[in-house]
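Comments concern the structure below.
The values are calculated or read from the model by the stated rules, or taken from the named source; none is laboratory data. None of the values given here were measured: they were computed from a predicted structure. Cβ placement follows ideal geometry from the backbone for every residue including glycine, while neighbour counts extend to all protein chains displayed.
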Amino acid sequence: MEDFNGKVAVVTGGASGIGRSLVKELLAAGAKVFIGDVEQSALDRVLAEFEGLGDLRGQVTDVSSEESLHGLADAVYEAHGACHLLFNNAGVAAPSANVWETTPNDWKWVHGVNIFGVVNGIQAFVPRMIASGEEGHVINTSSGDGGISPLPYQSVYASSKAAVSCISECLAAQFQSEGTKLAASVFYPSGGLLDTGIWTTDRNRPTGLAREKPYDPVPTVQDFKVAAKAAGMELEFQDLDELARYCLQGIREKRFVIMIDVQDAEATLQERAARIGRAELPIDLAEIPQL
């Protein structure tokens, strides 16, 4: 799909961070955009901010709920009668911890949003997209932390994003083997550190899935900058609007993997493959930054 003008795009987690930038760039490209986001205040804010930029609507949506995502699909098809671009973008993260120090609710919450959010989105929209006979594209947001090589202390988050990468690969292959007019991509936010709501994701954690034991406060972006400076590290942050434009260009170019400096991932994966071939731990602990 090269021309987004007049196409209908759905963006989960579209009220902030990368999702917000995707919404902004899709509107600039002439798409009709429908946001699904769990945070009412953020949704109201972005709808007001982008008013007048194009056809933009939104609905509070909990992607971990099958019922909620089917409700979003119903609203999109009632409003537009189609969905051409589905961005399964919503995501959350749990605090860094050893696996034995994580809690059941860490796994239930993060995997509920990051994995089931993608699966629920696919199951709510894709059958209707196929039935329409129109060209379409599904873009699943993963992460290099898991999809390429996991940070060892982010086992909950990294494992969820590894699953998203695998789901995306299977989905793309199935679209082709079944002869559909749909394509799929896995989107790795990249280019530098990202100043997004993932740093404060606990704000949307349901009380029913609260952590069963206390943990140290999650560092903010500013905390991370201070720690990096003290360690003598220079941090590079990626502009989110630029990242969104890169993602849309990747769709136009029909890339399965959408990632800035993807050649770096190739080198990382080759080294991991070599370690696996030697029956070694694929993670090189010497390469993990200590902040």
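Do we have any residue at all in region 185-208 that's acidic (Asp, Glu), buried (at least 16 other Cβ atoms within 10 Å of the Cβ) and farther than 26 Å from Arg272 by Cβ?
Yes, the conditions are met somewhere in region 185-208.
Select from region 95-127 the residues that are in a helix (DSSP H, G or I) and among the small types (Gly, Ala, Ser) and write down the one among them that is surrounded by the most Cβ atoms within 10 Å (Cβ to Cβ).
Checked region 95-127; the qualifying residue surrounded by the most Cβ atoms within 10 Å (Cβ to Cβ) is Gly117.
Hey, could you check region 60-94 for residues that are assigned to a helix (DSSP H, G or I) and of a type in the set (D, E, K, R) and say which is nearest to Phe116 (Cα to Cα)?
Step by step, filter region 60-94, then rank; the result is Glu66.
So which of Pro219, Pro214 ends up being in a loop (DSSP other than H, G, I, E, B), modelled with pLDDT of 75 or more and more than 15 Å from the chain's Cα centre (by Cα)?
From the options Pro219, Pro214, the qualifying one is Pro214.
Which pairs have Cβ atoms under 9 Å, sit 6 or more apart or on different chains, and link a residue in region 174-192 that is in contact (Cβ under 8 Å) with a residue 40 or more places away in the chain and under 29 Å from Arg20 (Cα atoms) to one that is β-branched (Val, Ile, Thr) and assigned to a loop (DSSP other than H, G, I, E, B)?
Taking only residues 6 or more apart or on different chains, the pairs are Tyr188/Ile148; Tyr188/Ile260; Pro189/Thr196; Pro189/Ile260; Ser190/Ile260; Gly191/Ile260; Gly192/Ile260.
Kindly list the number of the only condition in (1) surrounded by 21 or more Cβ atoms within 10 Å (Cβ to Cβ); (2) touching an Asp or Glu at 6+ places or on another chain (Cβ under 7 Å) that fails for Lys181.
Just one mismatch for Lys181, condition (1).
Looking at Ser149, is it assigned to a loop (DSSP other than H, G, I, E, B), surrounded by 16 or more Cβ atoms within 10 Å (Cβ to Cβ) and in contact (Cβ under 8 Å) with a residue 60 or more places away in the chain?
The answer is yes for Ser149.
Hey, can you tell me all the residues within region 153-171 that are surrounded by fewer than 19 Cβ atoms within 10 Å (Cβ to Cβ) and either β-branched (Val, Ile, Thr) or over 16 Å from the mean Cα position of the chain (by Cα) (or both)?
Of everything in region 153-171, those that are surrounded by fewer than 19 Cβ atoms within 10 Å (Cβ to Cβ) and either β-branched (Val, Ile, Thr) or over 16 Å from the mean Cα position of the chain (by Cα) (or both) turn out to be Tyr153, Cys170.
Does Thr268 fit the bill of being closer than 30 Å to Asp62 by Cβ, under 25 Å from the mean Cα position of the chain (by Cα) and at pLDDT below 95?
Considered against the rule, which asks whether it is closer than 30 Å to Asp62 by Cβ, under 25 Å from the mean Cα position of the chain (by Cα) and at pLDDT below 95, Thr268 comes out as no.
Which residue is farthest from Gly13 (Cα to Cα), if the candidates are limited to region 137-163 and must be out of contact with any Gly (no Cβ under 7 Å at 6 or more places or on another chain) and β-branched (Val, Ile, Thr)?
Only one residue fits best here, namely Ile148.
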